[in-house]
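Here is the structure we will look at, set down as structure tokens.
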Amino acid sequence: MKYPVFKDLIIFESEDYVVVNKPPFLATLEDRTPNTTNLLKIARQYNPDLQACHRLDKDTSGCLVFAKNAEAYRHLSMQFEHRQVYKVYHAVAWGVHKFEDELVNRAILPNAKGVAHLNPKGKPAETYFTTLESFARHTLVECVPVTGRLHQIRVHLAFLNAPIVGDSLYGGENVYLSNLKRGFNLKKDTEELPLIKRFALHSFNIGFTLLDGEPVKIEAPYPKDFAVLVKQLRAH
């Protein structure tokens, strides 16, 4: 895998924070995969003091905040703790759904293998869902998590019978061009690849307060794979 240049990922920078548009297939922090890099490692080549203020799943793209100093890190950690950070995700889900500020308030309990389940014994988890756009068999959904539990958006969407495209862990199948295009012919002896090779979840917005009290809201454009998926769904 060709690793990105950190500077090219930056969508906002101040004296205390750097916000990047995290590419998919890159872990935020070190994971168990040998001989791989992670976003924090790449970030520290740009500035050795950077600290990740939160994390996104490896497959999830979008807004990720780094702090340049301990005070900035503490300041944002407190905002996360008090649920004062504004977070909006976009997901492409299976099925046609008309969500209008639909709240899922279901506790989540992860198992030893890192798979999350809805379980009253788990930690409270809340997410709001709103339909942005409907297609023939799919929906582009805005997801606003109030809490930050493991795989929260993915599990809550699955609960609504709207699993995320490509999220095989929680019941979301892949989407192929042949599903959308009538009479789609694949070249002989070639295997058709899905339109997106990960689950279709993107951290679209993040909003928080800088150390001087000024609020900021940053938007991360869709990466290529997510944009292509939405474009193909619109076209068919």
Over the chain, what is the percentage of antiparallel beta bridges among all DSSP beta bridges, to the nearest 5? 95 percent
Pairwise label distance in nanometres, residue 112 with residue 98, each label 7 Å out on the Cα-Cβ vector: 4.7 nm
Segment 149-236: chymotrypsin sites (Phe, Trp or Tyr not before Pro) in DSSP coil with no more than 16 other Cβ atoms inside 10 Å: 176, 184
Taking the Cα atoms only, what angle lies between the long axis of helix 70-81 and the longest principal axis of the chain, rounded to 10 degrees? 50 degrees
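I'd like the chymotrypsin sites (Phe, Trp or Tyr not before Pro) in segment 1-84 restricted to DSSP loop residues with at most 16 other Cβ atoms within 10 Å, sorted by number.
Passing both the DSSP loop test and the Cβ count: 25.
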Convex hull over the alpha-carbon atoms of segment 63-199: what's its volume per residue in Å³? 149 Å³
Under the definition of Cα pairs under 8 Å and six or more residues apart, what whole-number percent is the relative contact order of segment 1-102? 25 percent
Mean separation of Cα contacts under 8 Å (at least 6 apart) over the residue count of segment 6-235, i.e. the relative contact order in percent, is 20 percent
Express the C-alpha Rg of the chain as a ratio against the empirical globular expectation 2.2 N^0.38 Å, rounded to two decimals. 1.05
Determine the sum of side-chain charges near residue 130: Lys and Arg each +1, Asp and Glu each -1, restricted to other residues whose C-beta is under 15 angstrom from that of residue 130. -4
For segment 1-59 the GluC sites (Glu not before Pro) that pass both the DSSP coil test and the at-most-15 other-Cβ-within-10 Å test are 15, 30
Distance between Cα centroids, segment 111-156 to segment 72-94: provide it in whole Å. 14 Å
Which percent of the accessible area of the chain is formed by carbon and sulfur heavy atoms (probe 1.4 angstrom)? 49 percent
In Å, descending, principal axis extents of the Cα set of segment 169-227: 61, 23, 19
Considering only protein heavy atoms, what per residue accessible area in square angstrom results for segment 6-235 with a 1.4 angstrom probe? 53 Å²
Once the Cα atoms of helix 224-235 and of the chain are each reduced to a long axis, what angle between those two axes, in degrees from 0 to 90 to the nearest 10, is obtained? 40 degrees
Expressed in nm to one decimal, what extension gain is obtained for the pair residue 71 and residue 134 from 0.36 nm per residue of sequence separation less their Cα-Cα distance? 18.4 nm
Could you please put 130, 190 in sequence from largest to smallest accessible area, using a 1.4 Å probe? 190, 130
Inter-label distance, nm, simple model (7 Å from Cα along the C-beta direction), residue 231/residue 181: 1.3 nm
Compute the signed sum of charges (Lys and Arg +1, Asp and Glu -1) over the other residues within less than 13 Å, Cβ to Cβ, of residue 29. +3
Report, in whole Å, the centroid distance computed from the Cα atoms of segment 163-184 and segment 213-229. 23 Å
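The values are calculated or read from the model by the stated rules, or taken from the named source; none is laboratory data. Computed from a predicted structure; not experimentally measured. Backbone-built Cβ (ideal geometry, glycine too); neighbour counts: all protein chains shown. Note: areas computed on protein heavy atoms with side chains; ligands, DNA, RNA excluded. Shrake-Rupley method; radii C 1.70, N 1.55, O 1.52, S 1.80 Å.
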